[in-house]
Amino acid sequence: ETGVTQTPRHLVMGMTNKKSLKCEQHLGHNAMYWYKQSAKKPLELMFVYSLEERVENNSVPSRFSPECPNSSHLFLHLHTLQPEDSALYLCASSQERANNEQFFGPGTRLTVL
Amino acid sequence: RKEVEQDPGPFNVPEGATVAFNCTYSNSASQSFFWYRQDCRKEPKLLMSVYSSGNEDGRFTAQLNRASQYISLLIRDSKLSDSATYLCVVTPDSWGKLQFGAGTQVVVTP
């Protein structure tokens with residue numbers, strides 16, 4: 001166990017649905033991340049939160065909306081997604097940001113119909 | 001040009017053999033380097049950091065060549081459990097933002 005949990009593990013949604021992905025870390029870290037992993041492509045960093053403040057938004061479409069209510073929880077709110085958004089969404093956490101090991105959750109496998 | 005490039009493989013390796021592969025990065029100012037391992041349908045996990053002088057962790061040896069902008073990973077005495085995708089990871093600054101390669105798949109066969 002990495003100490004980072006994600007729910008749900010699998011999600012199928014229509015293009016008009018609204019859903020949320022949840023991530024929780026039990027490691028006492030103060031930085032959290034959302035990544036997108038598509039088949040045969042590198043992980044793409046989407047959002048970074050440090051001390052509950054968003055410090056990076058990598059030109060992610062507004063149909064993805066992150067929320068970090070505290071240092072242990074991270075959400076990714078989804079609405080009006082496109083089929084090309086189907087991917088594995090990984091949450092990670094680390095202690096501080098600079099060059100520290102990132103611990104990943106198991107991911108949410110998202111399929112958009 | 002991709003920021004981090006890897007040969008996707010697969011590298012098919014007989015059990016007990018040695019396998020090595022490289023990763024190139026485009027940003028000469030990159031600060032830190034790592035190898036992560038990702039098993040099929042699982043999350044990435046840190047395998048080892050890569051230090052300037054090269055470093056070893058058991059059967060795994062990592063090297064960094066700043067002049068040519070590549071890092072390498074060598075696996076000796078391959079085990080079946082080494083079958084995985086190996087992700088090259090680079091940090092372009094001291095900030096902690098990781099840039100991932102697409103991964104090199106290694107398949108160790110009996």
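FYI, it's all coordinate maths here, none of it is from the lab. As the structure is a computational prediction, the values presented were derived from the model and not from experiment. Backbone-built Cβ (ideal geometry, glycine too); neighbour counts: all protein chains shown.
Once you reduce the stretch A:70-113 and the stretch A:1-31 to the center of their Cα atoms, the two points are 6 Å from each other. Note: the stretch A:1-64, Cα convex hull, 126 Å³ per residue.
Shielding by partners for peptide A:73-86, expressed as the average number of C-beta atoms from other protein chains within 10 Å of each residue's C-beta, is 0.
A:M46 sits among other residues whose Cβ lies under 14 Å from its own Cβ, and their net charge, with Lys and Arg +1 and Asp and Glu -1, is +1. Shielding value for B:24-37 is 1, the average number of Cβ atoms from other chains within 10 Å of each residue's Cβ. Of the trypsin sites (Lys or Arg not before Pro) found in the stretch A:1-98, those in coil by DSSP whose Cβ has at most 11 other Cβ atoms within 10 Å are A:R9, A:K40. Can you run the Rg to Rh ratio on chain B? Use alpha carbon positions and the Kirkwood inverse-distance Rh. Dividing the radius of gyration by the Kirkwood radius yields 0.95.
Counting Lys and Arg as +1 and Asp and Glu as -1 over every other residue whose Cβ lies under 14 Å from the Cβ of B:P14, the net charge comes to -1.
Counts of other chain beta carbons within 10 angstrom of each beta carbon in peptide A:46-57 average 1. Here is the size of chain A from its Cα atoms: Rg then Dmax, 13.1, 39 Å.
Please compute the net charge surrounding A:L11, taking Lys and Arg as +1 and Asp and Glu as -1 over other residues with Cβ under 10 Å from its Cβ. Result for the neighbourhood of A:L11: +3. Which chymotrypsin sites (Phe, Trp or Tyr not before Pro) in the stretch B:18-68 sit in a loop by DSSP (not H, G, I, E or B) and have at most 16 other Cβ atoms within 10 Å of their own Cβ? Counting only loop positions with at most 16 other Cβ atoms within 10 Å, the chymotrypsin sites (Phe, Trp or Tyr not before Pro) in the stretch B:18-68 are B:Y51. Using R0 = 45 Å, the C-beta based FRET efficiency linking A:T111 and B:D7 works out to 0.95. Scaled against the 2.2 N^0.38 Å expected of a compact globular protein of N residues, the Cα radius of gyration of the protein assembly as shown reads 1.03.
For trypsin sites (Lys or Arg not before Pro), the sites in the stretch B:17-70 that DSSP calls loop and that have at most 11 other Cβ atoms within 10 Å are B:R41.
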